[in-house]
1. Which ones in region B:60-69 are open to solvent by 60 Å² or more (accessible area, probe 1.4 Å) and among the aliphatic types (A, V, I, L, M)?
2. Out of all the residues in region B:28-59, which are closer than 15 Å to B:Met385 by Cα, hydrophobic (A, V, I, L, M, F, W, C) and open to solvent by 20 Å² or more (accessible area, probe 1.4 Å)?
3. For B:Asn394, indicate whether it is on the phi < 0 side of the Ramachandran plot and part of a helix (DSSP H, G or I).
4. Which residue pairs have Cβ atoms closer than 6 Å, lie 6 or more positions apart in sequence or on different chains, and pair a first residue in region A:523-545 that is not assigned by the TED database to the domain that holds A:Leu426 and open to solvent by less than 20 Å² (accessible area, probe 1.4 Å) with a second residue that is of a type in the set (Asp, Glu) and at pLDDT 75 or above?
5. Among residues belonging to region B:152-170 that are buried (at least 24 other Cβ atoms within 10 Å of the Cβ) and within 15 Å of the chain's Cα centre (by Cα), point out the one that is modelled with the lowest pLDDT.
6. Scan region B:310-366 residue by residue and report those that are of a type in the set (Val, Ile, Thr) and not in a helix (DSSP H, G or I).
7. Pairs only if they're at least six apart or on different chains, beta carbon under 6 angstrom, first in region B:457-484 and outside the structural domain of B:Phe390 (by the TED database), second surrounded by fewer than 22 Cβ atoms within 10 Å (Cβ to Cβ) and modelled with pLDDT of 90 or more; list them, first residue then second.
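The values are calculated or read from the model by the stated rules, or taken from the named source; none is laboratory data. Remember, it's a predicted structure, so these values are computed and weren't measured experimentally. Every residue, glycine among them, receives a Cβ derived from its backbone with ideal geometry; neighbour counts consider all protein chains shown. When the accessible area is computed, the model is the full protein with side chains, heavy atoms only, and any ligands, DNA or RNA have been set aside. Shrake-Rupley method; radii C 1.70, N 1.55, O 1.52, S 1.80 Å.
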Protein chains: 2
Amino acid sequence: MEKLKKYVSVEDEDHFYHQGAVELLIFNFLLILTILTIWLFKNHRFRFLHETGGAMLYGLLMGLIIRYVTKSPDVESGTVYECEKLKSGPSTLLINITNQVYEYQYKREISHHNVNGHQGNAMLQKMTFDPSIFFNILLPPIIFHAGYSLKKRHFFRNLGSILTYAFLGTAISCFFLGLIMYGFVKAMVHIGQLKQWEFHFTDCLFFGSLMSATDPVTVLAIFHELNVDTDLYTLLFGESVLNDAVAIVLTHSISIYSPKENPNAFDAAAFFQSVGNFLGIFAGSFAMGSSYAVVTALISFMHLTKFTKLCEFPMLETGLFFLLSWSAFLSAEAAGLTGIVAVLFCGVTQAHYTYNNLSPDSKMRTKQLFEFMNFLAENVIFCYMGLALFTFQNHIFNPLFIFGALVAVFVARASNIYPLSFLLNLGRKQKIPRNFQHMMMFSGLRGAIAFALAIRDTDSQPKQMMFTTALLIVFFTVWVFGGGTTPMLTWLQIRLVLVGVDPDEDMKAKATSQSASNLDKNTTKTESAWLFRIWYGFDHKYLKPLLTHAGPPLTSTLPEWCNPVARLLTSPSAYGDQLKDGDTDYIINNDELTENYESSSHIPVPAQDSTGSIQTTSKEDIQEGDLGLGGYKLQLQHTGGQPQKNSLA
Amino acid sequence: MEKLKKYVSVEDEDHFYHQGAVELLIFNFLLILTILTIWLFKNHRFRFLHETGGAMLYGLLMGLIIRYVTKSPDVESGTVYECEKLKSGPSTLLINITNQVYEYQYKREISHHNVNGHQGNAMLQKMTFDPSIFFNILLPPIIFHAGYSLKKRHFFRNLGSILTYAFLGTAISCFFLGLIMYGFVKAMVHIGQLKQWEFHFTDCLFFGSLMSATDPVTVLAIFHELNVDTDLYTLLFGESVLNDAVAIVLTHSISIYSPKENPNAFDAAAFFQSVGNFLGIFAGSFAMGSSYAVVTALISFMHLTKFTKLCEFPMLETGLFFLLSWSAFLSAEAAGLTGIVAVLFCGVTQAHYTYNNLSPDSKMRTKQLFEFMNFLAENVIFCYMGLALFTFQNHIFNPLFIFGALVAVFVARASNIYPLSFLLNLGRKQKIPRNFQHMMMFSGLRGAIAFALAIRDTDSQPKQMMFTTALLIVFFTVWVFGGGTTPMLTWLQIRLVLVGVDPDEDMKAKATSQSASNLDKNTTKTESAWLFRIWYGFDHKYLKPLLTHAGPPLTSTLPEWCNPVARLLTSPSAYGDQLKDGDTDYIINNDELTENYESSSHIPVPAQDSTGSIQTTSKEDIQEGDLGLGGYKLQLQHTGGQPQKNSLA
């Protein structure tokens, strides 16, 4: 009794508080350790362990220590109290205990069989933080950064392929994974390895959808470092970014799929409702995200033209940019849509329009801010994954299930990449070569999204088993495949196949006078030209002039009768820009945004920019001319379609 | 009953979740509105409303709307349940309600008389966030940024005065405020305006200590914009930064002051224990903060010398810097010290040592990152203050008490500034003029710290009354005094008294060939020379060479027998720097760190730096020579003490 009284005293309140600090300190310590290790590795050009892998490793060790070294059983927790007077769970509960009123906050509903997990180590409980933190705090900056740093030119060039892999590929992967897992589960029940749980086909599909989100962060970091083929990079990056969005919405749609009668039987109505849900949520989130970005672009555009002193307040500009992007996430969540998807498309649109309106100082600030947030969030998630293996208290390890899942993940990835690549190659002028396909197959790592989706729902036993399995598959893929990227690239001879090169590489290539052959190769890459051409024309003629100070004035692109409106909306600077091709300046330079901590910045930035832009301008002009966009330029400049001349203009 | 059942359903869980998004969205909306308004104001050079004042105003309006427009009474909350089985309040409570187990998390203990406040609008409850958020999330970046952007040269020059105002001044202010309030409370009880609560003298002192934290953020922003005298700026800034730390520790010491017998009688033992507590916590926090900064400096220094590729990873460097600074806060909290004080001194030390070791890219990144975090946190706090007036549910408005507090605040400020200035002027060669004293008196705004200290404890009725009063005083001082800064400066003719000028201003002054008279004036400002000289000598000879790559090599400053150690610890670059005065380069340029969103950056940064550094170098060399530090330079350079020659070296 004496011991219990302690809770009421001041010291214990302090204790509650200080433990929060201790937990955060543990995370800080892990991250510092990770950074120092990676620093060392980078200095020795040791590429087998990326920071994410390192963070996971340190998390694992710390989890081990917390689990087996600290032991402070909390006597009271784990006991279920009956409160007959209560008929429901209110948001806050006031409880009178020995004449002291305590306030308790509603956390969640838990199943009866999980109650035992609450008994035991208080430290472990503290370290297991709320899954909603992933979705509301850690994932948004990662996803936004991905959208904001998308290599847009290459992305749009490969749009058709990327969309195919992301939508069709993820659906295929999800379905195959679900099917294989269902077969496995049935077989396991048959041989008695699994109790007769309620393991429906929808549960398997749920697992399939969450395991379909690829996260090749390790692979891409190495690609970037080694200057691997840009097309392969873009295909992988674009696929992984979009397929995260698809997998999140897919998982949500599957989890709310509720057939009326037998949950195992196929219910057409419920199925179509799920499909409708998927499309509705995806489209809604897309609209929400991009409309916030358009608002940001308009505000920064208005300020730029109306009040010329905008660039004097880069802090206000950065603040506005940050808050509006975050609002896109929150609005989508508040409206019952998917915030992560909204923030992804917000990022893409911000990079496409708003970025051009920002002052040079704000461009750098926003870039560095999101890069930093991405860096921290990513490492926290990977640290936490390592920790979770030991601190999460309801793990269900089933070796057969894990083995089955591993097999299913590979089969599903293969049945996504190879058939779709075959189909796409039928339509692509620039085929996706065999070794690229193998590399894409190999780069199907699972990471933050799969983990976050799995930890969101760990109430029932099947879900707990799925969570444990997902966690182990993440470990396996990040360490084994992530570590094996460099040998794999060498083995597949991809580093030697410099078909489309990075702008940086391009410069070097030009220096060694290989420019002519390079340009010829570039002109053959006109994939998904019709889709790109329609979008590009509309964007260039109407959206860019309206939202940025680039492109031709609206007065020349809109019909005659719109002239009064057009004149009002056109930036004065647009008239001046009429003769130069605005887009080459205003579409973000490929590497400007993705240039991260790996890149050496010995050369002062302005100098690099001025030399770089000349090269990229010439190159990009050629590509545009090649993509059938020279028509408009012909009209204005009378030089379009002649790449060499255009590049000199 | 039907209505209550709803809580269990899925929709309601969604509802719980979405409301979090809605609250954040409201804050985002308020901040966006604030930014847009301030943008407009800045463009029209309208200086009566600073962004903090604007944020507060918008918060107030939003609070009004939430309070009187949204009405969604939460039936269940506000009812106290008796749980006979429980003997204490465990950290998590599992409750079985109609066969569903719900998990509740311990939030706090509340007094019986506050239970009513819980009845009513659920939205209001949601908007009132946890006071610990202020201390753990919002204040640290603000305070760190203050420490990191301290104008060190001016700060150290006025160190004696600043320490006097901060320590002695805050103690005087706290004591007088407490005394006056105690008189007021006694009088109010006497005339029957106040019930006979337990309003002890310690409660009044508590109020005095929390109201002694000045926060002239508005004033300083205007000072910066108008280029007001640097000495006045430094005195005010230094005082407000340090006095926040003093007030926080003082409040803590007073709140744990517990005399054994009669709480109204003076208990010498308890008093000295409180004084000991104050000193211990302050010194401990100081040590914790600066030691983390020293570790950061050492790590970045080691990497710089041992692995030369450090500057290639500015992201890792920034991450390490951020995490170690945050760890200083968390470690202090975990050790039972005051995190805010630790983070303040961590910031000062980081700026003094680590900043010099960072790569140019990281210097800018850290600067901008903390500037941005400071900006957001500050505006969130001021928004929240506005909101709190309407959303906080246990306000106790007592006009007489509020009036008394206002009077007491001014009397206490006056009895701090004027007598201490008089005493300081006895010792200062460069006196603090009358109009400076009036301006310091006028600039005693109350802000974030006072509010955060007041909201931390609102359990008892006296504390609630104090909170309400503190909130209103913050409103009054920020709007009235903040808005009146520009007229007041004109009235006191301070803008015209350009005694010590800003480096920027200095350049202009030189352009109009007033340099000679300016320099003469600067040489007279040798206040607190002996304190500064001792510290500076030690810092320059031992700490700087050890922690940064500046200053003379340790081999020449340490005694002979230390040579092997010294050689090991000295950076190779230090030998090369021997002939040039390292400090002028490595003490942060005055405006480099504080250059914020107000500054116009039309001129490209490198160009500005190169022209600016010539001016500051010459000026600072002169000051150093004047402060008796020329002796060392004489020894090395044989030119010390001759300002004009030195500046050409």
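1. Within region B:60-69, B:Leu61, B:Leu64, B:Ile65, B:Val69 qualify.
2. B:Leu57
3. Working: on the phi < 0 side of the Ramachandran plot: yes; part of a helix (DSSP H, G or I): no.
Against the criterion (on the phi < 0 side of the Ramachandran plot and part of a helix (DSSP H, G or I)), B:Asn394 does not qualify.
4. Note: no pairs meet the criteria.
5. Among those residues, the one meeting the criterion is B:Ile162.
6. Initial filter on region B:310-366 (of a type in the set (Val, Ile, Thr)): B:318, B:338, B:340-341, B:343, B:348-349, B:354, B:366.
Hit for region B:310-366 is B:Thr338, nothing else.
7. Final answer for the pair search is none.
Conditions (1) under 22 Å from the mean Cα position of the chain (by Cα); (2) under 15 Å from A:Ile142 (Cβ atoms); (3) open to solvent by less than 30 Å² (accessible area, probe 1.4 Å); (4) at the interface with another protein chain (Cβ under 10 Å from one of its Cβ atoms), marked per residue:
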| position | (1), (2), (3), (4) |
| --- | --- |
| A:Met288 | yes, no, no, no |
| A:Glu317 | no, no, yes, yes |
| A:Leu324 | yes, no, yes, yes |
| A:Cys346 | yes, yes, yes, no |
| A:Thr354 | yes, no, yes, no |
| A:Asn357 | no, no, yes, no |
| A:Leu369 | yes, yes, yes, yes |
| A:Phe372 | yes, yes, yes, yes |
| A:Asn379 | yes, yes, yes, yes |
